[in-house]
1. Which residues, counting only those in region C:27-58, are more than 10 Å from every other protein chain (Cβ to nearest Cβ), buried (at least 19 other Cβ atoms within 10 Å of the Cβ) and assigned to a strand (DSSP E or B)?
2. Anything in region C:136-150 that is more than 17 Å from C:C79 (Cα to Cα), at the interface with chain D (Cβ under 9 Å from one of its Cβ atoms) and part of a loop (DSSP other than H, G, I, E, B)? List them, or say none.
3. Need at least 3 residues that are polar (S, T, N, Q) and farther than 23 Å from C:G126 by Cβ per element, so show me which helices (runs of 4 or more DSSP H) inside region A:210-308 make the cut, counting only ones lying wholly within it.
4. Hey, any hits in region C:287-296 for a residue that's in a helix (DSSP H, G or I) and either aliphatic (A, V, I, L, M) or surrounded by 21 or more Cβ atoms within 10 Å (Cβ to Cβ) (or both)?
5. When you look at C:T18, is it over 21 Å from C:A329 (Cβ atoms), polar (S, T, N, Q) and either away from chain D (no Cβ under 14 Å) or surrounded by fewer than 17 Cβ atoms within 10 Å (Cβ to Cβ) (or both), yes or no?
6. Using the structure shown, decide if A:L268 is farther than 26 Å from A:I214 by Cα, in contact (Cβ under 8 Å) with a residue 60 or more places away in the chain and surrounded by 22 or more Cβ atoms within 10 Å (Cβ to Cβ).
7. Name every residue in region D:45-61 that is in a helix (DSSP H, G or I) and within 14 Å of chain C (Cβ to nearest Cβ), in order of residue number.
8. Looking at region C:151-253, what helices (runs of 4 or more DSSP H) fall wholly within it and have at least 2 residues that are of a type outside the set (K, R) and modelled with pLDDT of 85 or more?
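The values are calculated or read from the model by the stated rules, or taken from the named source; none is laboratory data. Every value quoted in this text rests on a predicted model; they were computed, and no experiment measured them. Cβ placement follows ideal geometry from the backbone for every residue including glycine, while neighbour counts extend to all protein chains displayed.
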Amino acid sequence: MEPLFINLAEAFTGWMISLGLDPGWAEAVLLVVKWIIVVTIITVNIIILIWLERKVSAFFQERLGPNRLGPFGIFQTIADAIKLLTKEDIVPSAADKLIFKTAPMFFIVVAVMLYTVIPMGKGMQVINLNVGLLFFISVGSLSTIALLMAGWGSNNKWSLMGAVRSVAQMVSYAIPLAFSLLGVVMITGSLNLQDIVLAQDKWWFVILQPIAFITYFIAATAELNRGPFDMPEAEQELTGGAYTEYTGMRWALFFLAEYTNLVAVSALMATVFLGGWQGPWLPSWLWIIIKTYAIILVFFWVKWTFPRIRMDHLMSFSWKVLVPVSLGNILLTGAGIYFCRWMGWC
Amino acid sequence: MQEFNLELMIKELEVLMGDKLRIGSDQFFAVLNIESNMLTVLMTKLRDEYGFNHLANLSSVDYGEEFELVYHLYSIPDNKKLLVKTRVPRTSAELDSLITIWPTADWQEREVYDLMGIKFKAHPNLIRVLLPEDFEGHPLRKDFVMGGRS
Amino acid sequence: MLESDIYTVNVGPIHPSTHGGLHAEAIMDGEIIENVIVHLGYVHRSVEKIAEGKTYQQYVPYTARLDYLATNLPVLGYCQAVEKLLGIEVPERAQYIRVIMAELSRIASHQIAISATGIDLGATTGLMYGMRDRERIMNIFEMTGGQRLLSSYIRIGGVAADIPDGFIPAVMSLVQDIPGMMDEYNGLMTGNEIWAARMQGVGILTPETAIQYGVTGPNLRASGIAYDLRRAEPDGIYHRFEFDIPTRNGGDSLDRWQVRIDEIGESGRIIEQALEGMPNGEISTRVPKVLKPEPGKEVYHRIESAKGELGYYIVSDGSSKPYRLHVRAPSFINLMVLPVICRGGVFQDLITNIATLDPILGESDR
Amino acid sequence: MNGQGLIKGLAITLKHFFQKEITEQYPDVMPELAPRFRGCLRFEFEKCIACGICVNSCPNDVLSFETEKRDKSKKKKLLSYTIDFQYCMFCNLCVEGCPTSCLSFDHDFELSQFKREDIKMIYLRPEGLDEAQDSPADQEEQKDKEQKQIAAMLKALQKSPQKVLSKLLEGEEDINILSELIQSDQKTAGKIAELIVKDKEKAVKVATGFINKDRKNRAQKGENGEGGDKDV
């Protein structure tokens, strides 16, 4: 089972070369195919995820959740998608139309780009970048711009407030997010995600870097705009925040992008802290899925338990707690590495 | 403040107010009927010297020629109670606002203005509170004609 | 120095957190609230004018629609006011049933307050737990009064019908579960650090301001004043029961929230005692079909409703219909303090403050 | 503090995750309704005596009916009965007031209609109802009943004339005059009793007539200087 997808890819390139294609071009075609597969996986995955979140949140609240369409209501999301697709696309007359229309597309494109570097199995990756982690962090923070575009383009106070809040929040939380990953980078000495996974064959980094794991989890929740940090949306306060004016599929794109981000961030977390695709018995690509979903369930659990944090508390928590703690963690890691070298352990 | 005594208070007020004040009582309350121009004086006294710190209810009744303003006063926490009434003529329905004595009179006076059409002098924000701003008439007046069910 | 402008944000009347049709116009300087202007009247149904066209009995169902979340309390207040006006005595058994129904309503109302605060602050699960527990009270109301929300079960002279079979066990089991419910609300929300941070020191209402503005009910008690009309001016049989008046001293949102949770427990105690002490007998006095109080007689009767001091001022002209009926609605008066406690806070505090003041718009707009 | 509260909250939600769900599966599983539940208001035409108590007790003018005068008896004939259900407050006052319990609430709570007009429920007089009510035997029975009522009224009138008369003549001060008259005069008593049962309005007229006559007599006597109180 293990090399299933790699064999498939090799067979595909081999078949194309046998058709008389230059090996370089064959690689390029394979890249496109990989992209299409990734996008398909994302879409299917999101349909499952939305259903899962509704179901899980219902169970936390002693409800049943969707249960009418298909077994356990699994087709509910598809029905919702059809509804959203057929809805009227309303663009407010006072909106900045170009920005308003491009914001959701920008958001989803940025979200999908994250998947290029995530190792989805042993040797399975769209592009094996040697600065994969850096790419992930920098592209991940681009989604701020999409939210700002949505808030500004809507020309609505609620949207603008949501957008301003989310920009402040995401900029502040990107720092502890990056800092908490630095510890891992210091240990492995590489920004390549495959290398980071391979470095965890003995010890997962969650054991070596527990503080970084927690700070990363919190910062990631904020970066994902998920409860209790769902400031940009905050429907009880901002009636929908940056998304207030969006309808139909445009609104759905934001929704999709958020879930896409959720999966990407969870997958990165599994890769960096939980040993990535490494694991016994099962094939590597199944392990990463299991780990990612486990993290996603924890995200759901947190969201459906906690109330929303206040904006000023959120900011002070980032700057006064998370940033110092993650900086301290870097210091500790550096000291630890020197200590190990001094003792001759590594 | 010395021990509160309702009779004593009424006597003192009677001396002070003279013929502006008529004392009455019903089954539940001691009633002070005061002329509307002395209302704020009386109320300030009641709050400051006799400890009626809780203006529970402010309402108005339409008696044709005159409107009656009704103030139910209580004190927290010792729970003494008093009813103060005053009347204003329909033709010039206007009297002093109590908002400086009890801020709670604010919306209650606005409600009386809104529904009964009595104006309160020196009220800083005397606009309709329950009905829309462009509503015509004051529905709690007895001569208000109501529309039927369509 | 950058120049900043003041701008307004209209919270409501269509907004997820305004508990009906409240329209709060927030005047803001950045995230800081400079002032709040409250616009009311979106649910105005002119109940006071309607009263002048209905007989005393006919008006009973209208009162249920004032505070529709604690339906038996406004009905109880009205019926007691009319009984006072006419000098009607209510039989013992009816008194006990009334107390049980009133306290159940109070619990139901506080549970809504708790649930709504939960969802307003983003704790959706808190909403569901509160509603789940409230459902049991609704079932009891359905069992006794035939309607879940607006049963108009209490009538002038007593109650509409005797309690059905299964009432006492249902109430008993509910009362026994109340401590568990309170633990759950406290565990999920009160003890939560995020929750505490959002509520502590938010919307502080000093006792002086509270009295000046006529604030009553749990909001007043959260400011440290143990003033409860069930104790201060007990009508009916409240003096027979042992219960505490929960108070807090800070007057902030967390205090208001905790007072409500504590009051659920106290109401549970009262219900337990009322169930034990309930005698057999009549459930209603014989009341004439047409009620005609003495002309010129008037009454102001107030009870401790779930939201505060609920008063009815009724003037009779000797006919079968009230000459004038005025409702002193606690929500209306409590809302007056909203701008005072919001000033200087951030925008999110406005939502917290509305939630913890717990206004009910059916009552405030009338 | 310091995160304990957060963990406690997580523990509570996790506990509920594995508990049984409480959702009611309406409409697949219909809810269990209490016997007193008030759903839709129903009307039984046969039982109605067109007394109008329901219409008078309704707070929101939901109920209305049309009647026709019967030829012989004083009773009215019900033609149609309308429940304008959109205004109903489900307060149960009409059901409680109805003397023949022809109104009742059933357990049907799915009351929404596609059109506003469809909410109104109009009950028309079912065919074949007339014969049953107007049969001669029925009339005989009615007469019998009336006679009995008159006898009972007479008894009550003689026993405590004050009470009966004060009910009849609300607000009248000089009931004493008439009550004395009734106790002394059998014939007048019988006449008034019959009138009370058959036609209340006429009874009131006759009774006030008696009183006024007496009052005049007394007034004259008073003027003649025989003393007595003038206020009467």
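1. Result: C:I33, C:V36.
2. Within region C:136-150, C:G146, C:Q147, C:R148 meet the criteria.
3. The helices (runs of 4 or more DSSP H) meeting that bar are A:248-273.
4. Restricting attention to region C:287-296, the residues satisfying the condition of being in a helix (DSSP H, G or I) are none.
Within region C:287-296, none of the residues are in a helix (DSSP H, G or I) and either aliphatic (A, V, I, L, M) or surrounded by 21 or more Cβ atoms within 10 Å (Cβ to Cβ) (or both).
5. no
6. no
7. Narrowing region D:45-61 to residues in a helix (DSSP H, G or I): D:45-47, D:53-57.
Listed by number, the residues that qualify are D:I53, D:C54, D:V55, D:N56, D:S57.
8. C:167-185, C:193-199, C:207-212, C:218-221
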